Amino acid sequence: MKLTDDPEVEEFRAEFSDFLDAHLPAEAEARERAGSSAHVPEWARRWQRTLFDAGWLLPGQPPEFGGRGATLPQQLAHLEELARRRIYHSFNPQGLGIIAASLITFGTEEQKRRWAVPILRAEITAALGMSEPEAGSDLASLRTRAVPAPDGFVVDGQKIWTSGAHDADVLLTFVRTDPDAPRHRGISALLIPTDTEGVERRPFGSIAAEDDLDFNEVFLTGVRVPRENLVGPLNEGWRVANGSLGHERTLLWLSYAERLEDLLRDSRDTGADQDWYATLRMDLTALRLLGYRQLGEDRDPAEISVLKLLGSEAVQSASLHALEAHGAEGLSHPVRTGPYRHMHHEHFISSWFERYARSFAGTIAGGTSEIQRNIIAERILGLPR
Amino acid sequence: MEFELDEEQRLLRRTVREAIAKVRGRPEAQQWDTYLRLGWLEAPPLELALILEELGYAADPTPFLATATWFAPLTGRLPTGSGTAVFDGAGRYVLDADRADEVAVLTTGGVVVVPGARLAAERVPALDPHLHLAHVDAGHADGAGDLVAEVPDLALLGLAATCVGACRRILDLVLDHVKQREQFGRPLGSFQAVKHKAADMHVAIERARALTHFCALTIAEDDPRRADAAHMAKAAAGECQRLVFRHGLQLFGAMGFTWENELQYYLKRAQACDLLLGSAAVHRKALLVP
């Protein structure tokens, strides 16, 4: 255990920082609000490609997938540097961090060439078709069916909460391929291009605004999917899903730490009370420390639940305090513009109320706080199911 | 930075745990001699935090905490036997003052070391039966002024680490209980309401422990953040015990409310660690606004 920074990590950070100084496009200041989490403005496509070509998009990956084989602490430094400057490396984080990443792990050579690389180069965007009306945190309950057809599958069913689907070119979709198998065993992962006949996407607004269109309902009716779009082995979709989320989860805590830091930075002159600052600083410091610890070898994956619970609830309570500190002004909509730069659109569109409301995304999405508590109790503390 | 205990530190933790288990229940003097013989008093800050966490876990009755984290940092040396320190002029609620061989008295003029026998120390009955608290007439009534500002970082670290250890023990006792105890035909621990409280206790302990280790690292490296880190550690430990006390006693039900149940020792130790040298609220106030 040591406080001092690893020189190899700091060298890596400095190199990336120099790259950003030299290449960050002027358009990055444009403050263009993205249409959804899969909508990538033209200039941002070019920016993502620049990062890909230089090996700074997903530094943990090999060069052919936009990286440079960086270690986990180096990957963390990369994300920290982006966060510090409030820079997006992609407007399609799920496409990048979950879908392309799982194709690299589970996909065929052809799938990597045809889907993963174009997603990484921002030529196409992707969305994740995981949740269903009857299956949220309980993925094993999903009902969307895929039945074998001569050259592939025919898919029928419905997805919901599919972020960015209406702007996406392809969906990584989890479907039931063996209705008779135990619940976890009969699931497969399929790539479904959104222009396939029978795919209907209906975006709907979030609590932030009626026209804040990110969520979609996706209806799949007699959708024909070729066999070559099956990701991983048939009926092994559970493994793909867990692997996919694993990519996202390892450094997920960092996004909560960023938000806490933003709240700290943005609330400095609001007259919020000392007690609140103290709690915020303690939450932030503890979250970072426990996150760094998670970079160590052989950590229990269930500890991610500690980070998610601590981080998402700290953000929520800090957002509530910030809202209260602003009094009635916190209700005004849209916008309290701060001295924001670069691409962090979520901040300059947010009223204080909106930030608080959005903090519930953290305690609901990716497994609710209640599910995280069950995981901690059962897997870490050994309580009976 | 790296935030995982290394192999040596994990080994130390195991050895400490075993050593404490071995002397548990023996006379205090024997326990104290064992700790001295193992060189624990000379441990550097992070190792000291690990030792203190284990001592808190065992509700240790010896004067180790005050000697290592009150007397030593103020005087820059170890006492001839056991030691403690008086942080305010009135000398109230001084840990182990009734049995310390040497007492460091913090005055506006600096630190004065007085033989324990020369001080009239009167032990105060405390709820924690193993804790020695005493009022002393330190003879330097001018005192040290701002209590929180004058207390060494190591003293705050010591109470925080002890508190975290006691909290961990409370959680372990609760886990044993709810795994075994059946109600309505099921183990208590299978009920979600119980699981969620246990999970919250675990997260609070992890949060406080992380800040404790961070504090120890900043002291070890004399990092400029050390004073702030000490306030954070003490505040987080106090908040942690508040939640762990409440949920722990609640989940034990009526059985936890009895004198015979050992749960009480850890509840009281944890609570005492919060109340001594400023509770969580006091240390939150002392933190800098960035």
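Put simply, of A:Asp138, A:Asp151, A:Asp169 the only residue that is acidic (Asp, Glu) and crowded, with 16+ Cβ neighbours inside 10 Å is A:Asp169. The residue of the stretch A:349-383 that is surrounded by the most Cβ atoms within 10 Å (Cβ to Cβ), among those that are within 14 Å of chain B (Cβ to nearest Cβ) and touching an Asp or Glu at 6+ places or on another chain (Cβ under 8 Å), is A:Arg373. When the helices (runs of 4 or more DSSP H) confined to the stretch B:206-290 are screened for residues that are under 18 Å from B:Phe87 (Cβ atoms) and under 13 Å from the mean Cα position of the chain (by Cα), those reaching at least 2 such residues are found at B:226-252, B:263-275.
The condition of being within 14 Å of chain A (Cβ to nearest Cβ), in contact with a helix residue (DSSP H, G or I) (Cβ under 8 Å, 6 or more places away or on another chain) and within 14 Å of B:Arg169 (Cβ to Cβ) holds for B:Met201.
It is to be established whether one or more residues within the stretch A:250-266 are of a type in the set (A, V, I, L, M), crowded, with 16+ Cβ neighbours inside 10 Å and outside any helix (DSSP H, G or I). Scanning the stretch A:250-266 turns up at least one residue that is of a type in the set (A, V, I, L, M), crowded, with 16+ Cβ neighbours inside 10 Å and outside any helix (DSSP H, G or I).
The set of residues from the stretch B:74-125 being part of a loop (DSSP other than H, G, I, E, B), surrounded by fewer than 16 Cβ atoms within 10 Å (Cβ to Cβ) and not charged (D, E, K, R) comprises B:Gly76, B:Thr80, B:Gly81, B:Ala90, B:Thr108, B:Gly109, B:Ala120, B:Pro125. Take the residues of the stretch A:88-112 that are small (Gly, Ala, Ser) and not in a helix (DSSP H, G or I): which is modelled with the highest pLDDT? Across the stretch A:88-112, the extreme among qualifying residues is A:Gly107. Taking the stretch A:114-135, which residues are crowded, with 22+ Cβ neighbours inside 10 Å, part of a strand (DSSP E or B) and of a type in the set (A, V, I, L, M, F, W, C)? Correct list: A:Ala126, A:Ala127, A:Leu128.
Looking at the stretch A:1-87, the helices (runs of 4 or more DSSP H) lying wholly inside it that each contain 2 or more residues that are modelled with pLDDT of 95 or more, more than 30 Å from A:His166 (Cβ to Cβ) and away from chain B (no Cβ under 14 Å) sit at A:7-23. When B:Glu221 is tested against (1) in contact (Cβ under 8 Å) with a residue 40 or more places away in the chain; (2) facing chain A (nearest Cβ under 10 Å), only condition (1) is not met.
Within the stretch A:188-195, identify whether any single residue is out of contact with any helix residue (DSSP H, G or I) (no Cβ under 9 Å at 6 or more places or on another chain) and either among the aromatic types (Phe, Trp, Tyr) or under 27 Å from A:Pro93 (Cβ atoms) (or both), and answer yes or no. Yes, that holds for at least one residue. A:His247 falls short on exactly one of the conditions (1) within 14 Å of chain B (Cβ to nearest Cβ); (2) at pLDDT below 85, and that condition is (1). The listed residues are B:Phe3, B:Phe87, and the only one of them that is over 19 Å from the mean Cα position of the chain (by Cα) and in contact (Cβ under 8 Å) with a residue 60 or more places away in the chain turns out to be B:Phe3.
Applying the condition of being in a loop (DSSP other than H, G, I, E, B) and not polar (S, T, N, Q) to the stretch B:61-73 and asking which residue is surrounded by the fewest Cβ atoms within 10 Å (Cβ to Cβ) yields B:Pro61. Outside any loop (DSSP other than H, G, I, E, B), at the interface with chain B (Cβ under 10 Å from one of its Cβ atoms) and either modelled with pLDDT of 95 or more or within 21 Å of A:His326 (Cα to Cα) (or both): which single residue out of A:Val218, A:Val306, A:Val225 fits that description? Selected residue: A:Val306, the only one of A:Val218, A:Val306, A:Val225 that is outside any loop (DSSP other than H, G, I, E, B), at the interface with chain B (Cβ under 10 Å from one of its Cβ atoms) and either modelled with pLDDT of 95 or more or within 21 Å of A:His326 (Cα to Cα) (or both).
Is there a residue being free of Cβ contacts under 8 Å to residues at least 24 places away in the same chain and assigned to a loop (DSSP other than H, G, I, E, B) anywhere in the stretch A:153-176? No, every residue in the stretch A:153-176 fails to be free of Cβ contacts under 8 Å to residues at least 24 places away in the same chain and assigned to a loop (DSSP other than H, G, I, E, B).
The values are calculated or read from the model by the stated rules, or taken from the named source; none is laboratory data. The shown structure was predicted, so the numbers you read here are calculated from the model rather than taken from an experiment. A quick note on method: Cβ atoms are made from the backbone with ideal geometry, for glycine too, and the neighbour counts reach across all protein chains shown.
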